[in-house]
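J.: Handing you a structure now.
Coordinate-derived values only; no laboratory data. Model, not experiment: these values are computed from the prediction. Virtual Cβ from ideal backbone geometry, glycine too; neighbours counted across all protein chains shown.
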Amino acid sequence: LLSSGWSMLMYGQLLFAWESNHFDGIISRRASNLEYLTAKYWLIAIKVLTSVIFIVPALIVSMNAFVIGLICLIFNLGVNSYIIIFAGMFNTSKVEPNKSAFMNYQGANVIHFFIVFLIMGIPAVLFLPFQFLGFPGIGIALIAIVGLSGFVFRDKVLAKLAEFFRFR
């Protein structure tokens, strides 16, 4: 999951904090919350899709490693991107991009731990029961199906996230 989701995770943990200096201006624009979150989703999706470059070397190891990398990519697009957006709504810390990056812990809080726990935990919960029963292929297929269905229903999920964003 991290091979295709590391950049999503690094940017997404501070998804709204990056814009903390001018967040009021963003919210007061004509764009709706749904359009704003859809743009955030596609920014995350582009980060995930460009990370496919790091999955291609898995072909050297085996075709199975490559397929698992692609399934993780699908899961990151269809599930983890929404988790990142949702959890980012709870991060109230500011990030000032003008400050030095050295020893800078702006925006860091306990939310980041929960994000990583969810991103790694959900696929494990889907996969491990089938692994213990001796059917790991079913677990991998389930992860792919959940990720693909999340991507197919992205408009509905983003609409729900926009409602929650407005509430927050």
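J.: Would you kindly state how much longer the chain becomes between residue 141 and residue 36 on full extension, computed as 0.36 nm times their sequence separation minus their alpha carbon distance, in nm to one decimal? Spell out each step's value before the answer.
T.: Working: separation 105, 0.36 × 105 = 37.80 nm, distance 3.21 nm.
Between residue 141 and residue 36, full extension yields an extra 34.6 nm.
J.: Mind checking the full-extension length gain between residue 113 and residue 64? Use 0.36 nm per residue of separation minus the Cα-Cα distance, one decimal, nm.
T.: 14.7 nm
J.: Per the Kirkwood formula on distinct C-alpha pairs, the Rh of the stretch 27-73 is how many angstrom?
T.: 12.5 Å
J.: Measuring from label point to label point, each 7 Å out along Cα→Cβ, what is the residue 22 to residue 90 span in nm?
T.: With each label placed 7 Å out from Cα toward Cβ, I get 3.0 nm.
J.: Then there is this: Label-point separation (nm) for residue 148 and residue 132, each offset 7 Å from Cα along Cα-to-Cβ?
T.: 2.7 nm
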